[in-house]
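The values are calculated or read from the model by the stated rules, or taken from the named source; none is laboratory data. Computed from a predicted structure; not experimentally measured. When we count neighbours, we look across all protein chains shown, and the Cβ atoms used for this are built from the backbone with ideal geometry, even at glycine. Ligands, DNA and RNA are stripped out before the accessible areas are found, and what is left, the full protein with its side chains, is counted by its heavy atoms. Shrake-Rupley method; radii C 1.70, N 1.55, O 1.52, S 1.80 Å.
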Amino acid sequence: IDPYCIKVFKQRWYIIGHREGNDEVHFYSLDRVLSMEITENAFNIPKSFNADAFLHNYYGVMAGTMPAESVLLRVTPFRANYLRSLPLHHSQNEVERTDEYSLFEYWIAPTADFIQELRSFLPDIIVLRPLWLREKFIQEAKNILDNYKNYDYDLQRKTKTTSDKLAE
């Protein structure tokens, strides 16, 4: 690996760098590195690489070619207080605030780790835009509900309840 810089995310350190035979910049978690050694191999960080610019539109450690877009969230007052005290991203902007909700807008590439972070805020958020992300959350909610419905059905058919077992 040709290491360009390091980044900490969620209490884990990452090397951001280039691997021989691959043109893309990658993230490598330091806690997964089994061995490391300094070599005599020299490399130059490309003059075009700027860590701040590379990470500017991203959350976490998934960066690359996904373009940034406007993400708009409707947030409960409880979660809004949290986001005010610990913004998710430097682009965070509270565009509306009422007693019932707040609207937060981001200019960000909605990568998998950003989406995962949004999931951790459920049910306190509603994705309003972009439409594809809103539809993704709606479909995931439907899938979760279906999983619970199917599991309850199987549970009732195939196992006895604790009270049934105690009655025996």
Checking residue 28 against (1) in contact with a Phe, Trp or Tyr (Cβ under 7 Å, 6 or more places away or on another chain); (2) assigned to a loop (DSSP other than H, G, I, E, B); (3) of a type in the set (Phe, Trp, Tyr), the condition it does not meet | (2)
Filter result (more than 14 Å from the chain's Cα centre (by Cα) and open to solvent by 40 Å² or more (accessible area, probe 1.4 Å)) within the range 50-63 = 50, 52, 53, 54, 56
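Given the range 44-132, what helices (runs of 4 or more DSSP H) lie entirely inside it while holding 3 or more residues that are under 20 Å from residue 8 (Cβ atoms)?
Numbers: elements: 51-55, 77-85, 112-119.
The helices (runs of 4 or more DSSP H) meeting that bar are 51-55, 112-119.
Pick from the range 140-160 the residues that are under 26 Å from residue 10 (Cβ atoms) and exposed (fewer than 13 other Cβ atoms within 10 Å of the Cβ): which of them is modelled with the lowest pLDDT?
Initial filter on the range 140-160 (under 26 Å from residue 10 (Cβ atoms)): 140-141, 143-144.
Remaining after also requiring exposed (fewer than 13 other Cβ atoms within 10 Å of the Cβ): 141, 143-144.
Working: 141: 95, 143: 94, 144: 91.
If we take residues in the range 140-160 being under 26 Å from residue 10 (Cβ atoms) and exposed (fewer than 13 other Cβ atoms within 10 Å of the Cβ), then 144 is modelled with the lowest pLDDT.
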Might you let me know whether the range 98-109 holds any residue that is touching a residue at least 12 places away in the same chain (Cβ under 8 Å), open to solvent by 70 Å² or more (accessible area, probe 1.4 Å) and within 17 Å of the chain's Cα centre (by Cα)?
-> yes
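Residues in the range 13-20: is at least one loosely packed, with under 10 Cβ neighbours inside 10 Å and out of contact with any Leu (no Cβ under 9 Å at 6 or more places or on another chain)? Lay out the reasoning, then the answer.
Looking only at the range 13-20, we keep the residues that are loosely packed, with under 10 Cβ neighbours inside 10 Å, and these are 20.
Still in the running and out of contact with any Leu (no Cβ under 9 Å at 6 or more places or on another chain): 20.
Yes, the range 13-20 contains at least one residue that is loosely packed, with under 10 Cβ neighbours inside 10 Å and out of contact with any Leu (no Cβ under 9 Å at 6 or more places or on another chain).
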Scan (1) touching a residue at least 24 places away in the same chain (Cβ under 8 Å); (2) among the acidic types (Asp, Glu); (3) loosely packed, with under 11 Cβ neighbours inside 10 Å; (4) more than 27 Å from residue 89 (Cβ to Cβ) for the single condition residue 37 breaks and write down its number.
-> (1)
